[in-house]
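Inspection log for the structure reproduced underneath, given as structure tokens.
The values are calculated or read from the model by the stated rules, or taken from the named source; none is laboratory data. Here the structure is a predicted model, which is why all the values come from computation and not from measurement. Glycine also receives a Cβ, built like all others from the backbone with ideal geometry; neighbour counts cover every protein chain displayed.
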Amino acid sequence: MAVKTGNHTYLLENTPSVLSFGAVGSKKESEGPLGRYFDVINPDSSFGESSWEKAESKMVQISVGQALSKGNFEADQIDVAFAGDLLNQCIGSAYGLRDLGIPFVGLYGACSTMAESLALAALFVDTAIAKKALAVTSSHFCSAERQFRFPLEYGGQRPPTAQWTVTGSGACVVGESDAAPFVRAVTIGCIEDLGIKDANNMGAAMAPAAAKTISHYLADTRTRPEDYDMILTGDLGQVGSALLEQLLEQEKVDLKGRHQDCGLLIYDRKQQDVHAGGSGCGCAASVLCSFILPKIRQGTLGDVLFVATGALMSPTSSMQGESIPGIAHLVHLSSGRRRKGVE
Amino acid sequence: MSQKAAPNSKLWRNMLLAFLVGGLICTIGQGVMSWMQALGLSREDGGAITSISLIFLSALLTGFNCYDNIAKHAGAGTLVPITGFANAMVSPALEFKREGFILGVGAKMFSIAGPVILYGSAASVVYGLILAIFG
């Protein structure tokens, strides 16, 4: 049963396991350093659909299909699905899961949704109110551009702090098992807003939230960054990653080279013209489900703090001159049920 | 702190490219203009044909998925001339085609260029009044 420790963290005593997972990407993701780890790559970013929104829902269907089939599950074995995306009213998830008949909880955590959905799925399984729970998120470069920025063919320049929305989706089925990766703890983040207003610099807007959640978790669990093999943030990109390390340094927390960022892992920033790195719900989700979870399962990575970060603004709030509130949720994933050296 | 962490745009490179591409577009315009005048058109008619052909070229390149790739490097070089205005009309028209011809193309076509048209017209009214009163 989940136990609250400190002010923000829940320890999952039954350590639910990520039973199976699937990751989908498109052309640009396949050309990145992690391209070969994806389960499904469709070089056609429309995924054969007539609109970008339908393409995004298709990606959700594919990643959920992969996660189910890799674990030999049927949709009716899943007790509850936690899903969300960046589109207005979360239509990527709603239309993607429409035909599956799984009880559905729609979430909005912007790009933090993978950690948010995974945390809730793990809590549901840990407290035994669900046997199997699904966590899935997606983002699509083209549907995000048209909603948040300019039409695709509009000739504008992106500033160097801008990030590239990942076209991808990741899905996890969480349940009880003796096989890794295990979910050991989750920390629900608080909204942090230090007054960044530039929607082209979301890494900077989200970094304080990530710093806060990480320091909450470390304080709640009385652990240090050295106790983990990797502290993986969602999509801070190059600017936000630098800021995170500076912010934590001020609190005397040294990540000591253990910090990685999904937005920096997924693309080759020198070759792929993505400016400050990747972003979007699909960024953290697809990197987690393609690259990180298999490594934890094999045991090459022991303990990973997965901290997906989100910027909770909308085009309306940006236009009205509001600053960008950031959020970060943390999931402690591990290859073992107990910490190394303890018990 | 966030400003220090943010890399700056490559200002000199951007300005040079904007100058070169913007200059090239204007040179093409002047070329068309001179050609039309050589064919015996008046300066006014030649100017109209020049604008039309540049708008046509810009719209065509937008439709062929080229304009944004040029603009990525050229910046203000492609934005400031009349070609940028054409691109700002055509790109939302293409993008919002799926929402239908009335609420999609019709309503969204002016989402970027609309402010220019509105304030351009408003400014011309003000100038017209000044001219009428003091002219």
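Checking each residue in region B:89-126 for being within 20 Å of A:E145 (Cβ to Cβ), part of a helix (DSSP H, G or I) and in contact (Cβ under 8 Å) with a residue 24 or more places away in the chain picks out B:M89, B:V90, B:S91, B:L94. Look at region B:52-64: where a residue is more than 14 Å from chain A (Cβ to nearest Cβ) and over 12 Å from B:F85 (Cα atoms) and a partner is aliphatic (A, V, I, L, M) and surrounded by 14 or more Cβ atoms within 10 Å (Cβ to Cβ), sitting 6+ places away or on another chain with Cβ atoms under 8 Å, you get B:S53/B:V32. When the test is whether a residue is more than 22 Å from A:Q147 (Cβ to Cβ) and surrounded by 12 or more Cβ atoms within 10 Å (Cβ to Cβ), B:L129 does not pass it. Taking every residue in region A:158-170 that is away from chain B (no Cβ under 12 Å) and pairing it with any residue that is of a type in the set (D, E) and surrounded by fewer than 24 Cβ atoms within 10 Å (Cβ to Cβ), at least 6 positions away or on another chain, the pairs with Cβ-Cβ distances below 9 Å are A:W164/A:D273; A:T165/A:E145.
What residue, of A:E226, A:E249, A:E245, is without any contact (Cβ under 8 Å) to a residue 24 or more places away in the chain and more than 20 Å from the chain's Cα centre (by Cα)? Steps first, answer last, please.
Working: A:E226 fails: without any contact (Cβ under 8 Å) to a residue 24 or more places away in the chain; A:E245 fails: more than 20 Å from the chain's Cα centre (by Cα).
Step by step, each of A:E226, A:E249, A:E245 is checked, and only A:E249 is without any contact (Cβ under 8 Å) to a residue 24 or more places away in the chain and more than 20 Å from the chain's Cα centre (by Cα).
Just wondering, is there one or more residues in region A:212-234 that are out of contact with any Lys or Arg (no Cβ under 9 Å at 6 or more places or on another chain) and within 14 Å of chain B (Cβ to nearest Cβ)? Looking through region A:212-234, none of the residues is out of contact with any Lys or Arg (no Cβ under 9 Å at 6 or more places or on another chain) and within 14 Å of chain B (Cβ to nearest Cβ).
Checked against the criterion of being touching a strand residue (DSSP E or B) at 6+ places or on another chain (Cβ under 7 Å), surrounded by fewer than 16 Cβ atoms within 10 Å (Cβ to Cβ) and among the aliphatic types (A, V, I, L, M), region A:212-229 has no qualifying residue. Here region A:178-202 is the region considered, the condition is being within 30 Å of A:A133 (Cα to Cα) and at pLDDT below 95, and the residue that is nearest to the other protein chains (Cβ to nearest Cβ) is A:A180.
Looking only at helices (runs of 4 or more DSSP H) that lie completely in region A:70-168, which have at least 2 residues being farther than 21 Å from A:D198 by Cβ and among the hydrophobic types (A, V, I, L, M, F, W, C)? Reasoning before the result, please.
Details: elements: A:91-96, A:113-126, A:141-148.
So the answer is A:91-96, A:113-126.
Taking A:I296 as the residue in question, decide whether it is modelled with pLDDT of 95 or more and part of a loop (DSSP other than H, G, I, E, B). Even if it seems obvious, please write down each step before you answer.
Values: modelled with pLDDT of 95 or more: yes; part of a loop (DSSP other than H, G, I, E, B): no.
For A:I296, the condition - modelled with pLDDT of 95 or more and part of a loop (DSSP other than H, G, I, E, B) - is not met.
Remark: pairs (first residue in region A:18-36, in contact (Cβ under 8 Å) with a residue 12 or more places away in the chain; second residue among the β-branched types (V, I, T) and surrounded by fewer than 24 Cβ atoms within 10 Å (Cβ to Cβ); Cβ separation under 6 Å; 6+ apart in sequence or on different chains) = A:V24/A:V40; A:V24/A:I62; A:G25/A:I41; A:S30/A:I41.
One residue stands out among those in region A:15-36 that are surrounded by fewer than 18 Cβ atoms within 10 Å (Cβ to Cβ) and closer than 14 Å to A:S169 by Cα: the one that is farthest from the chain's Cα centre (by Cα), which is A:K27. Can we say A:G35 is under 24 Å from A:I292 (Cβ atoms) and not assigned by TED's automatic domain parsing to the domain that holds A:D273? So A:G35 passes the test. For B:F96, are the conditions met, namely being within 10 Å of chain A (Cβ to nearest Cβ), among the hydrophobic types (A, V, I, L, M, F, W, C) and more than 23 Å from B:S51 (Cα to Cα)? It is true that B:F96 is within 10 Å of chain A (Cβ to nearest Cβ), among the hydrophobic types (A, V, I, L, M, F, W, C) and more than 23 Å from B:S51 (Cα to Cα).
Restricting to region A:185-207, count the residues that are buried (at least 23 other Cβ atoms within 10 Å of the Cβ) and within 17 Å of the chain's Cα centre (by Cα).
Step one: of region A:185-207, the residues buried (at least 23 other Cβ atoms within 10 Å of the Cβ) are A:185-187, A:189, A:196, A:201-207.
If we keep only those that are within 17 Å of the chain's Cα centre (by Cα) as well, we get A:185-187, A:189, A:202-203, A:205-207.
Of the residues in that region, 9 qualify.
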